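Taking it in order: structure first as structure tokens, then the write-up.
Each reported figure results from applying straightforward, stated rules to the coordinates on display, with no laboratory input. Computed from a predicted model, the values in this text were never measured in an experiment. Virtual Cβ from ideal backbone geometry, glycine too; neighbours counted across all protein chains shown.
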């Protein structure tokens, strides 16, 4: 579920391990989709995967997991591997709240 209050990358990295590894996976919208959609190269697949993520109630938990564990492949939390690298490579990650981060890569 989306969290209010300007979630930053620093906040995401501080999630309790149960937030990152726990119950959120069962509520993920991607569980009802073909997994190939999230791990197939190409713009069409990426856009389709991101559409599923936009409607996902646990998008931020998923993104936090991918960022914390440096997941290199696929679309996680609505971001591609390239977009996650871009976000992680920011010089001041604590300055990025979730809305700014999404605008920067949308």
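Structure values in brief
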quantity	calculated
Length released on extending from residue 32 to residue 51, taking residue separation times 0.36 nm less the Cα-Cα span	5.5 nm
Residue 81-residue 43 pseudo-label distance in nm [points 7 Å out on the Cα-to-Cβ vector]	2.0 nm
